[in-house]
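**Q** Okay, here's the structure, questions in a sec.
The values are calculated or read from the model by the stated rules, or taken from the named source; none is laboratory data. In this text, all values refer to a predicted model and were calculated from it rather than measured experimentally. Cβ: placed from backbone, ideal geometry, glycine included. Neighbour counts: every protein chain shown. SASA here: full protein model, heavy atoms, side chains in, ligands and nucleic acids out. Shrake-Rupley method; radii C 1.70, N 1.55, O 1.52, S 1.80 Å.
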Amino acid sequence: MKIGVLGVGHIGKTLTQRLAAAGHQVKAANSRGPHTIEADALSTGGRAVTAAEAVEDVDVVILSIPLNRLPQVAPLIADVPVDTVVIDTSNYYPARDGRIEAIDAGQAESLWVTEQLGRPIAKTWNAIGSHSFAAKGKPAGSPDRVAIPIAADRDQDRKAAMALVEDTGFDAFDAGALADSWRQQPGAPCYCTDLTREEMPGALAAAEAERLPKRRDLAVAAIQERVGDATTNPDAEYGVRLNRALFV
């Protein structure tokens, strides 16, 4: 596929590397310009471009930027053809994103995103930690391969997202419609707990919407106490152990 990735941070960098290595034509962009994209992000064949170039003539656009910046890219996405698949990897963290009343009131994050962008999306790669994503990919059929949930309303979005998740080295799990995607938000049992395909159904079913915000914020507080700031992500071992203790 021809893929444009907006954002080359923790998740976007690995996406660019893995998808290019899998044979896709990948263009990567950030808000600071192509000259600022690090060479290792492009080491498997990805190409640095401007944000406008990243969304031109592609089959898939992947948004790997903080949730509070999605409204800023909405004008850019407005020009993307309706049959192009748009995938969002973001999560809502009030300390970073500011308070969003609709989400605080219970709206699924992905539905809020569709309203901001004015188009359907698929939601995936949001429920895996950046260290796990970078280090734990395995070939299909490998024992204990980590699964990643995908939510979407359109079949074309779901199929494309599931194929690409597999290409990044993880088992793709169909988590249903966007209205149910709260089950893969921060604080949910499947969120950054590195579950297998067999474990995923039970984790999704066990999610309790009213408990997610408190569990999310407890995890943030514990991570900040350990690493000392609000931007450093925990390593996979600590992050998964913490999240399993709090969420599962």
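**Q** Regarding ASP217, is this residue at pLDDT 95 or above and out of contact with any Pro (no Cβ under 9 Å at 6 or more places or on another chain)?
**A** So ASP217 does not fit the description; no.
**Q** Then there's this: Please work out which residue is surrounded by the fewest Cβ atoms within 10 Å (Cβ to Cβ), limiting yourself to the stretch 140-162 and to residues that are aliphatic (A, V, I, L, M) and in contact (Cβ under 8 Å) with a residue 60 or more places away in the chain.
**A** ALA160
**Q** Can you pull out every residue in the stretch 16-46 that is surrounded by fewer than 17 Cβ atoms within 10 Å (Cβ to Cβ) and basic (Lys, Arg)?
**A** Listed by number, the list holds a single entry, ARG32.
**Q** Within the stretch 169-205, take every residue that is open to solvent by 50 Å² or more (accessible area, probe 1.4 Å) and either farther than 20 Å from TYR92 by Cα or at pLDDT below 95 (or both) and give me the one that is nearest to the chain's Cα centre (by Cα).
**A** Top of the filtered list is ASP174.
**Q** Filter the stretch 60-94 down to residues that are under 27 Å from GLY129 (Cβ atoms) and in a loop (DSSP other than H, G, I, E, B) and give me whichever is farthest from the chain's Cα centre (by Cα).
**A** Top of the filtered list is TYR93.
**Q** Please verify whether GLY137 is in contact with a Gly (Cβ under 6 Å, 6 or more places away or on another chain) and open to solvent by 20 Å² or more (accessible area, probe 1.4 Å), treating the condition exactly as stated.
**A** So GLY137 passes the test.
**Q** Look at the stretch 1-59 and say how many of its residues are closer than 20 Å to SER132 by Cα, without any contact (Cβ under 8 Å) to a residue 40 or more places away in the chain and among the hydroxyl-bearing types (Ser, Thr, Tyr).
**A** 3
**Q** Got a number for residues in the stretch 177-205 being over 14 Å from GLN107 (Cβ atoms), in a loop (DSSP other than H, G, I, E, B) and touching a residue at least 40 places away in the same chain (Cβ under 8 Å)?
**A** Final tally of qualifying residues: 12.
**Q** Sticking with this one: Let me confirm something: among ASP157, ASP194, ASP180, ASP144, which residue is in contact with a helix residue (DSSP H, G or I) (Cβ under 7 Å, 6 or more places away or on another chain) and either of a type in the set (Asp, Glu) or closer than 18 Å to LEU246 by Cβ (or both)?
**A** ASP194
**Q** Restricting the stretch 126-146 to residues that are within 13 Å of the chain's Cα centre (by Cα) and outside any helix (DSSP H, G or I), which is farthest from PRO201 (Cα to Cα)?
**A** Within the stretch 126-146, the match that is farthest from PRO201 (Cα to Cα) is GLY129.
**Q** Among the residues in the stretch 206-229, are any touching a residue at least 12 places away in the same chain (Cβ under 8 Å), under 17 Å from the mean Cα position of the chain (by Cα), closer than 25 Å to PRO143 by Cβ and in a helix (DSSP H, G or I)?
**A** Looking for residues that are touching a residue at least 12 places away in the same chain (Cβ under 8 Å), under 17 Å from the mean Cα position of the chain (by Cα), closer than 25 Å to PRO143 by Cβ and in a helix (DSSP H, G or I), one finds none in the stretch 206-229, hence no.
**Q** Is the stretch 140-163 home to any residue that is touching a Ser or Thr at 6+ places or on another chain (Cβ under 8 Å), of a type in the set (Ser, Thr, Tyr) and modelled with pLDDT of 95 or more?
**A** Checked against the condition, which is being touching a Ser or Thr at 6+ places or on another chain (Cβ under 8 Å), of a type in the set (Ser, Thr, Tyr) and modelled with pLDDT of 95 or more, the stretch 140-163 yields no hits at all.
**Q** Hey, another quick one. Of the residues that make up the stretch 95-109, is at least one open to solvent by 60 Å² or more (accessible area, probe 1.4 Å), outside any helix (DSSP H, G or I) and basic (Lys, Arg)?
**A** Yes, that holds for at least one residue.
**Q** Could you check how many residues of the stretch 185-236 are within 19 Å of GLY98 (Cα to Cα) and among the small types (Gly, Ala, Ser)?
**A** Residues in the stretch 185-236 being within 19 Å of GLY98 (Cα to Cα) and among the small types (Gly, Ala, Ser): 4 in total.
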